[in-house]
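The structure appears right after this line, and notes come after that.
Read-outs throughout are calculated quantities, based only on the coordinates presented, and are distinct from any laboratory measurement. Small disclaimer: the values here were computed from a predicted structure and weren't measured. Backbone-built Cβ (ideal geometry, glycine too); neighbour counts: all protein chains shown.
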Amino acid sequence: MAAQVYVLEGAWEKTHEAPQVLPYLLAYAHSHRTVDVYHRTFRRIEDIEYYVKRVPTGSRALFYFACHGEEEFLIPSDGRSKIPIGAVEGALRGAKEGSIAFIHFGCCHFVHGGDRRKQTLSGLRDPAQAKWVSGYTRKVDWLASTLLDLALISEVYVPWYSDQKWLSSKTRAFFKHYEQLARSLGSSTLSTQLLHVARNRHPGEGRGPVLLTN
């Protein structure tokens with residue numbers, strides 16, 4: 001069975017524009033045959049609530065949010081349609097058992113970048129009983145972040161879907177390979193096995209990514 005990727009994409013610049021992320025994911029899915037991609041446009045919290053509940057029990061899907069954002073807010077359509085993080089957490093509580101394993105927010109600034117980083121990530125992961133949640137702590141370049149998002153799907157989620165024993169080792173290999181890009185984007189990840197924070201370091205802190213057991 002192919003891995004399941006559900007994409008909820010907002011409007012980036014114009015309300016009725018064509019999807020921007022979907023073509024990249026479809027190209028990957030068509031070339032690898034290991035992923036089924038389901039794409040939906042979302043504008044409101046009610047859309048998230050509806051689509052979360054539609055993922056079948058036991059799917060172990062990756063839920064990918066692609067839209068504008070700011071700290072602890074999704075902005076799927078325009079500046080007037082902000083969705084607070086608490087509402088997103090509430091929507092994720094509607095997930096069926098085992099339906100969502102990975103959650104990724106491909107949005108600027110959405111993850112809190114300060115001392116509450118782990119608390120923020122846990123609050124997003126735990127309601128759906130997911131294995132993984134990730135996102136960005138700062139403003140990110142659209143193309144660079146989309147490439148990292150695709151690499152996450154290809155090199156962590158899809159291998160994990162086939163063999164769940166390798167989440168920790170695949171994650172470490174992923175961030176070792178993409179360390180500079182992840183650091184520049186402020187990538188932050190919490191899984192059931194580890195917490196990864198990609199950040200700029202102070203002198204003497206070492207060169208590798210920060211990996212903390214959870």
State to the nearest 20 debye the size of the charge dipole of the stretch 3-169 about its Cα centre, where the only charges are +1 on K and R beta carbons and -1 on D and E beta carbons.
-> 300 debye
Return the subset of Lys53/Lys118; Lys82/Lys139; Lys96/Lys131 for which the Cα-Cα distance in this structure is over 22 Å, preserving the input order.
-> Lys53/Lys118
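Could you sort 45-54, 114-123 so that the peptide with the highest average Cβ count within 10 Å comes first and the rest follow in order? Walk me through the intermediate numbers first.
Numbers: 45-54: 16.9, 114-123: 15.3.
Packing proxy ranking, top to bottom: 45-54, 114-123.
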